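Structure record follows, encoded as structure tokens.
The values are calculated or read from the model by the stated rules, or taken from the named source; none is laboratory data. None of these values were measured; they are calculated from a predicted model. Positions of Cβ are generated from backbone atoms using ideal geometry, with glycine treated the same way; all protein chains shown enter the neighbour counts. Just so you know, the surface numbers come from the protein's heavy atoms only, side chains and all, with ligands and any DNA or RNA stripped out. Shrake-Rupley method; radii C 1.70, N 1.55, O 1.52, S 1.80 Å.
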Amino acid sequence: MKTLEKLFAEKLLKIKAIKLQPANPFTWASGWKSPFYCDNRKTLSYPSLRNFVKLEISRIVLEKFGQVDAIAGVATGAIPQGALVADELNLPFVYVRSTPKDHGLENLIEGELRPGMKVVVIEDLISTGGSSLKAVEAIRRDGCEVIGMVAAFTYGFPVAIEAFKEAKVNLVTLTNYEAVLEAALKTGYINEEDVPVLDAWRKDPAHWDAGK
């Protein structure tokens, strides 16, 4: 029986959510360059896969975190997934902006949280973990307890693992870089000659140079 990590990895590959561009690398919000990109937001365009993500995240929330009072999505990528999960679990939903709104109420958190609420944060993707943990900080400043985070995908970088450990946030993901790479090689989505480039990037993603 396939694990959830392998199953979801295959589903991401099937809808071509994985992009590989060694010669024209992507630039992440952190400033890092990468030959590999996971666009798991594409799952929203496929009803059966969208439903799969919703149900699997909902199952994880119930199984891993027990008593939950609210669901929070991290803007912008995890707003739809978070709202779907909150609806499935019949829980209040909020989303956390990267920066406060520059007009009106200037909210950082959109929606209503009450002090003491136990909150599970939903994220679409974890790279360095910086933006995800900023959302956690905002929720904690509101007097709530973040009891965990569920993300669709993680690159599994040591810097992110250490950051989550330091912030005392329990992270659970649907799939990860290793599972996607294994499935991509197995199905011919990427070739063996792509592996050295990915390995070089993986060893030091913060300083990787596509030209070297």
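Before we move on, is Leu185 open to solvent by 40 Å² or more (accessible area, probe 1.4 Å), in contact with a helix residue (DSSP H, G or I) (Cβ under 8 Å, 6 or more places away or on another chain) and either part of a helix (DSSP H, G or I) or at pLDDT 95 or above (or both)?
Values: open to solvent by 40 Å² or more (accessible area, probe 1.4 Å): yes; in contact with a helix residue (DSSP H, G or I) (Cβ under 8 Å, 6 or more places away or on another chain): yes; either part of a helix (DSSP H, G or I) or at pLDDT 95 or above (or both): yes.
When the stated conditions are applied, Leu185 passes them.
Just checking, which of Ile71, Ile109, Ile139, Ile79 is modelled with pLDDT under 95, more than 27 Å from Tyr189 (Cα to Cα) and among the aliphatic types (A, V, I, L, M)?
Ile109
Within the range 8-23, track down each residue that is touching a residue at least 24 places away in the same chain (Cβ under 8 Å) and either under 16 Å from Trp208 (Cβ atoms) or not β-branched (Val, Ile, Thr) (or both).
Selection gives Phe8, Ala9, Glu10, Lys11, Leu12, Leu13, Lys16, Ala17, Leu20, Pro22, Ala23.
Scan (1) open to solvent by 50 Å² or more (accessible area, probe 1.4 Å); (2) farther than 16 Å from Ala152 by Cβ; (3) under 17 Å from the mean Cα position of the chain (by Cα) for the single condition Pro47 breaks and write down its number.
For Pro47, the exception is condition (3).
Got a number for residues in the range 102-132 being touching a strand residue (DSSP E or B) at 6+ places or on another chain (Cβ under 9 Å) and either assigned to a loop (DSSP other than H, G, I, E, B) or open to solvent by less than 70 Å² (accessible area, probe 1.4 Å) (or both)?
Start the filter on the range 102-132 by keeping residues that are touching a strand residue (DSSP E or B) at 6+ places or on another chain (Cβ under 9 Å), which leaves 108-114, 116-127, 129, 131-132.
Filter again for either assigned to a loop (DSSP other than H, G, I, E, B) or open to solvent by less than 70 Å² (accessible area, probe 1.4 Å) (or both), leaving 108-114, 116-127, 129, 132.
Residues meeting the conditions: 21.
Scan the range 8-43 for residues that are part of a helix (DSSP H, G or I), open to solvent by 30 Å² or more (accessible area, probe 1.4 Å) and in contact with a Leu (Cβ under 9 Å, 6 or more places away or on another chain) and report the count.
Count: 4.
Being farther than 17 Å from Asp124 by Cβ and part of a loop (DSSP other than H, G, I, E, B) is the filter; apply it to the range 140-175 and report the residue that is nearest to the chain's Cα centre (by Cα).
The qualifying residue nearest to the chain's Cα centre (by Cα) is Asn170.
Across the range 64-86, which residue is farthest from Thr43 (Cα to Cα) among those that are part of a helix (DSSP H, G or I) and without any contact (Cβ under 8 Å) to a residue 24 or more places away in the chain?
Once the filter is applied, the top-ranked residue is Ala86.
Suppose we filter the range 147-172 for residues that are open to solvent by less than 30 Å² (accessible area, probe 1.4 Å) and under 19 Å from Lys118 (Cα atoms); how many remain?
Number satisfying all stated conditions: 8.
Being open to solvent by less than 10 Å² (accessible area, probe 1.4 Å) and either in contact (Cβ under 8 Å) with a residue 40 or more places away in the chain or among the basic types (Lys, Arg) (or both) is the filter here; which residues of the range 133-143 pass it?
Ala135, Ala138, Ile139
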